[in-house]
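To start, the structure under review is shown below, and the notes come after it.
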Number of protein chains: 2
Amino acid sequence: MIAVMDNTIIKELQQCVGKEHLLTAPEELACYSFDSTGQSFMPDAVALPDSAEQITTLLELANRYRFPVIPRGAGSGMTGGALPIKAGLVIVFSRMNRIIEIDADNMIAVVEPGVITGELQEELKKQGLMYPPDPASLKFCSIGGNAAECAGGPSAVKYGVTRDYIIGLEVVLPTGEIMKTGVRTEKGVVGYDLTHLFIGSEGTLGIFTKLILRLLPLPESKTTFLLSFSSLPQATGLVAEILSAGLMPCTLEYMDKTAVQVVRDQLAAPPHKDTAALLLVEFDGFREDVEKQSEQFTAFVQQHKQKSCSLRRAADETETAELWQARRSISPATLSLRPNKISEDVVVPRSKIPELVAFTDQLAGELDLIILTFGHAGDGNIHVNIMVDKNNEQEYANGIRAKQKLFEFVLSLDGTLSGEHGIGTTKSEFLPLEIDRTALSIMKRLKTLFDPNNILNPGKIFPDRN
Amino acid sequence: MIAVMDNTIIKELQQCVGKEHLLTAPEELACYSFDSTGQSFMPDAVALPDSAEQITTLLELANRYRFPVIPRGAGSGMTGGALPIKAGLVIVFSRMNRIIEIDADNMIAVVEPGVITGELQEELKKQGLMYPPDPASLKFCSIGGNAAECAGGPSAVKYGVTRDYIIGLEVVLPTGEIMKTGVRTEKGVVGYDLTHLFIGSEGTLGIFTKLILRLLPLPESKTTFLLSFSSLPQATGLVAEILSAGLMPCTLEYMDKTAVQVVRDQLAAPPHKDTAALLLVEFDGFREDVEKQSEQFTAFVQQHKQKSCSLRRAADETETAELWQARRSISPATLSLRPNKISEDVVVPRSKIPELVAFTDQLAGELDLIILTFGHAGDGNIHVNIMVDKNNEQEYANGIRAKQKLFEFVLSLDGTLSGEHGIGTTKSEFLPLEIDRTALSIMKRLKTLFDPNNILNPGKIFPDRN
């Protein structure tokens, strides 16, 4: 790889996207140097292309001059997927943000990667349609980034994640060829499933230029319950029981005591200060169906846990919106506790959540750390935030130790290191803990097959020394 | 590739699986020579291994002596995936048919490939659980074969296909290594999605030895409607409208006039003989929800199509079972019309079903053929059966012409050549019509990466000359 781009390259890049769409001034580059990890790496240049053909040219230049190319969604990623860790050219999709088509008859949408997820959802709502994946960052994250990381969200417990809604792609390969994958029909089994190979590949196998999305009818109604527990194990223990009872919530979120505390001020009716944990549970569907499920859920709670928890149903949309605002604010609000955090999104089989949460509590005690747990309990995807001050060497070292121990414990529970954030740079050294040697070797050979010169997002997923 | 296996190889194969589990007598081999295409190719030997380790040894021998290995589920495939077209060793999984685990708390099952899909479903039902994919052959097809072909079924309109329910695999690679993919949690985004790359790869990339399945709670109730139409376009036109209206049937099957005729005798209350088409529509869920959906559906039908169709709700389970028996018998019953058939399972966006069906009618007229259409209208997956007598040269040639024209038309409607049967040998020459050159090249390079000696199921998906 070249150290710094020289003027010849910069000129060729300018010719490709137009001078006004190639950024090189340090103050401009700084805007594309960071992501939600809090880390920052300066790229050599930032291109804002307008078409797949322009991206082909950019990649051809990258292969000729051997500079890294880093595709960047909205920079809301949690694991460094969009960071230009080896400098090079960042590609930004803010000009490729068109909703090309919404085909309501066939419940399909075709979009460009720069479309903001929440904005697409608003557009679809107008037509009685839904694109379910709902990462906490939905107001600013982009569909392209969601696809690259296989983003999830609270609705995954009922509706699944990004990979369940992308049925076809237009991709520019690292070598510059434009390729189509998948279908624009509900079913399709023609040739190998390249679409799913790209989803979650964290920008290392290709650059998405069009995405074909499967949509659902918008549910008629939704209702929100809040359960406050005075006992943590009873909260976490209830999760698997709710789902085993045949109830099918569209949200089953969990917040521990500390997570509740950091967002307490945002709530008009804050929970009792001795609250050990909250569950946020929602049901959607036809109005009658929602009522039926609500009745069943209320009866279920009364039967199972009446002593240790109180159940409240949100009175109206304002209260629901407030609860969600609080839930989505947990991650940024944690920084009021400590200046830095190690943020993980491990998954365990949901019956093992109590063990996981008990383990993190024990770990916090042993290593003298603040560790929060919250997240998508319904699918076992628990966000573990290990709070540290990086300037406090001992605390930071303990945080890193806690992360290693957490991962080992999660794997011992038949869990996985990441449910929706991906590996990026922050977890790459731990990849061999989960992925066996044969699979790791196949994955690396796949990367080489698609990207022989390793120009696309180098250093992600697979650490150089792996 | 070797022409015929010599005694040295046979002895080594016997040593691997045990003499009693290696078949070589012609009358035994004949049992594993065919599939549902009606074609037959004699293998050199059939092995019935009992473990992944034995399969490793078989594949190591195949690489050493260069003989083809053909993994075979239950032989119910429609496109030749299990046919030993170049002879070699057929691997059969009837001894690897254990349900290893049903984890009701986490709604996950771990099974071996030889488990019969319908038998698994019966076991799960006892625990209030459901594995949704329901190919017509569910009473005899196996999970391993379903995974290899990415089988679908009527329930796909609501629940999706096999790929939506397999979250992890144990696979023996063509080179003999045993590898794990995926997770046993609801979510997981660690490394590339190898699981989905294997699903639908038609036994060309690896041999499944364990499958981790995601389950759902068994719906409390289900109801069945039968709609008889005197007008074909009104039947096909209603499909997209039903789904656009926000109704969410778990079945939306369609049968044209000829399909109805071939199974008419099986019905206690056969439809009027002037029936132009039938729709079979089902709703499932909580009892109240099913009633609500039934009411909405009845109102919808009355509002939209009261003149050209009649609506009947199945009185009881016996009537429902009879309707399903008839529906599942269509494919074999067609052979009463002509001794052979060209059976396709194309998919179009569902709003384009009327165009597709009109086209096949026109084609039948032009080429003087019987062409039936039936199948999973809800997801646009229409089974087109072109009936021919192979001994009638002109008719067979016309059948082949009809297939080519059908494929071209389907692609012009943004459709795909196969929704659930795969490519196998019967459609491989048409693959380049749908898959672009770049994608085809990537797929072939993937095949070589996994199987450098091309010993696993050679000649499938990619025709040798492609």
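Values in this text are rule-based calculations from the coordinates and carry no lab data. These figures come from a predicted structure and were not determined experimentally. Glycine also receives a Cβ, built like all others from the backbone with ideal geometry; neighbour counts cover every protein chain displayed.
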If you average the C-alpha positions of the range B:232-257 and of the range B:309-333 separately, how far apart do those two centres end up, in angstrom?
16 Å
Please report the antiparallel percentage of DSSP beta bridges with both residues in the protein assembly as shown, rounded to the nearest 5.
85 percent
FRET efficiency, 1/(1 + (r/R0)^6) with R0 41 Å, evaluated for A:Leu411 and B:Met42 via beta carbons
0.30
Placing the label point 7 Å from Cα along the Cα-to-Cβ direction, what are the distances from B:Glu122 to the equivalent spots in the other copies, shortest first, in nm to one decimal?
5.5
Quick one: if the Förster radius is 56 Å, what FRET efficiency do A:Gln266 and B:Leu337 give, using the C-beta to C-beta distance and rounding to 0.05?
0.25
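Just check the range A:99-217 against the gyration tensor rule for me: Cα atoms, a ≥ b ≥ c as the square roots of the eigenvalues, rounded for a/c under 1.5, and otherwise prolate or oblate depending on whether a/b exceeds b/c. Please report the intermediate quantities before stating the final value.
Values: a/c = 1.57, a/b = 1.32, b/c = 1.19.
In terms of gyration-tensor shape, prolate.
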Shielding by partners, peptide B:99-106 (average Cβ within 10 angstrom, other chains)
3
Starting from 0.36 nm per residue, how many nanometres of slack lie between A:Gln362 and A:Leu449 once their C-alpha separation is accounted for?
26.9 nm
If amide H atoms are built 1.01 Å from N in the plane of the peptide, which residues on other chains or at least 5 residues away come under 5 Å of the amide H of B:Ala151?
B:Thr162
Under Karplus coefficients 6.51, -1.76 and 1.60, residue-wise ³J(HN,Hα) of the range A:248-261 in Hz, glycine/proline x
10, x, 8, 8, 8, 9, 10, 9, 7, 3, 5, 4, 5, 4
Write down the percent of antiparallel bridges among all DSSP beta bridges whose residues are both part of the range A:337-424, to the nearest 5.
95 percent
Shortest first, in nm, what separates the label point of A:Ile99 from those of the same position in the other copies (7 Å along Cα→Cβ)?
4.4
Phi angles of the range B:126-136, converted by Karplus (6.51 cos²θ - 1.76 cosθ + 1.60, θ = phi - 60°) into ³J(HN,Hα) in whole Hz with x for Gly and Pro, give 4, 9, x, 10, 9, 10, x, x, 9, x, 4
Roughly how compact is the range B:337-424, stated as its Cα Rg over 2.2 N^0.38 Å to two decimals?
1.02
Net charge (Lys, Arg +1; Asp, Glu -1) of residues whose beta-carbon lies under 12 Å from that of B:Thr224, B:Thr224 excluded, is -3
Residue-averaged 222 nm ellipticity for the protein assembly as shown, from DSSP H runs of 4+ at -39500 (n - 2.57), nearest 500:
-10500 deg cm²/dmol
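Between B:Gln302 and B:Ser51, take the C-beta separation as r, use R0 = 41 Å, and let me know the FRET efficiency to the nearest 0.05. Kindly include the intermediate steps, with their values, before the conclusion.
On the way: r = 59 Å, r/R0 = 1.43.
Between B:Gln302 and B:Ser51 the formula returns 0.10.
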For A:Arg64, B:Arg72, A:Arg338, ascending order of other Cβ atoms within 10 Å (fewest first) is A:Arg64, A:Arg338, B:Arg72
Set of lysines near A:Lys257 by C-alpha distance (under 21 Å), chain-local residues within fewer than 8 positions excluded
A:Lys273, A:Lys305, A:Lys307, A:Lys341, A:Lys352, A:Lys403
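What translational diffusion coefficient, to the nearest whole µm²/s, does the range B:256-379 have by Stokes-Einstein, given a Kirkwood radius computed over alpha-carbon pairs, a temperature of 4 °C and 1.567 mPa s viscosity? Don't skip to the end; give the middle numbers.
Working: Rh = 16.5 Å.
In µm²/s, the coefficient is 79.
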So what's the angle, to the nearest 10 degrees on a 0 to 90 scale, between helix B:317-333 and the longest Cα principal axis of chain B?
60 degrees
So for A:Lys257, B:Lys341, fewest C-beta neighbours within 10 Å to most, what's the order?
A:Lys257, B:Lys341
Within a 10 angstrom radius of each residue's Cβ in B:174-186, how many Cβ atoms of other chains show up on average? Whole number is fine.
6
Quick one: divide the alpha-carbon radius of gyration of the range A:1-111 by 2.2 N^0.38 Å and tell me what you get.
1.15
What whole-number distance in Å separates the alpha-carbon centres of the range B:403-458 and the range A:386-401?
53 Å
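Evaluate the relative contact order of chain B (contact order divided by residue number), counting alpha-carbon pairs under 8 angstrom at least 6 apart; express in whole percent. Kindly include the intermediate steps, with their values, before the conclusion.
Numbers: 947 pairs, mean separation 70.7, N = 466.
Relative CO of chain B lands at 15 percent.
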Counting other C-beta atoms within 10 Å, which of B:Cys16, A:Cys150, A:Cys31 has the fewest, and how do the rest follow?
A:Cys31, B:Cys16, A:Cys150
With one decimal in nm and the nearest listed first, the spacings from B:Ala321 to its own position in the other copies, using label points 7 Å along Cα-to-Cβ, are 5.4
Full extension from B:Glu28 to B:Arg437: what is 0.36 nm times the residue separation minus their Cα-Cα distance, to one decimal in nm?
143.1 nm
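With 19 Å as the cut-off, how large is the P(r) tail for the range B:158-306, expressed as percent of Cα-Cα pairs? Walk me through the intermediate numbers first.
Working: 7205 of 11026 pairs.
In whole percent, the share of Cα-Cα pairs in the range B:158-306 beyond 19 Å is 65.
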Under a 5 Å amide H to amide H cut-off, with H placed in plane at 1.01 Å, what residues pair with B:Ile370 once short-range neighbours are removed?
B:Met387
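Where both residues lie in chain B, what percent of DSSP beta bridges are antiparallel, nearest 5?
Details: 63 of 73 bridges.
The antiparallel proportion sits near 85 percent.
If the viscosity is 0.692 mPa s and the temperature 37 °C, what Stokes-Einstein diffusion coefficient in µm²/s follows for the protein assembly as shown when Rh is the Kirkwood radius over Cα pairs? Please report the intermediate quantities before stating the final value.
On the way: Rh = 29.0 Å.
Result for D is 113 µm²/s.
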Working from the pairwise distances between different alpha carbons, so that the mean of 1/r is found and then inverted, what is chain A's Kirkwood radius in Å?
23.2 Å
Interchain or sequence-distant (5+) residues whose placed amide H lies within less than 5 Å of the amide H of B:Thr209 are B:Glu170, B:Val171, B:Val172
Rounded to whole Hz, the Karplus (6.51, -1.76, 1.60) HN-Hα couplings of the range B:150-162, x for glycine and proline
6, 4, x, x, x, 6, 4, 4, 9, 9, x, 10, 3
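Would you mind giving the three semi-axes, in whole Å and largest first, of the ellipsoid equivalent to the range A:356-395 according to its Cα gyration tensor? Don't skip to the end; give the middle numbers.
Working: eigenvalues 101, 28, 5 Å².
Semi-axes from the Cα gyration tensor: 22, 12, 5 Å.
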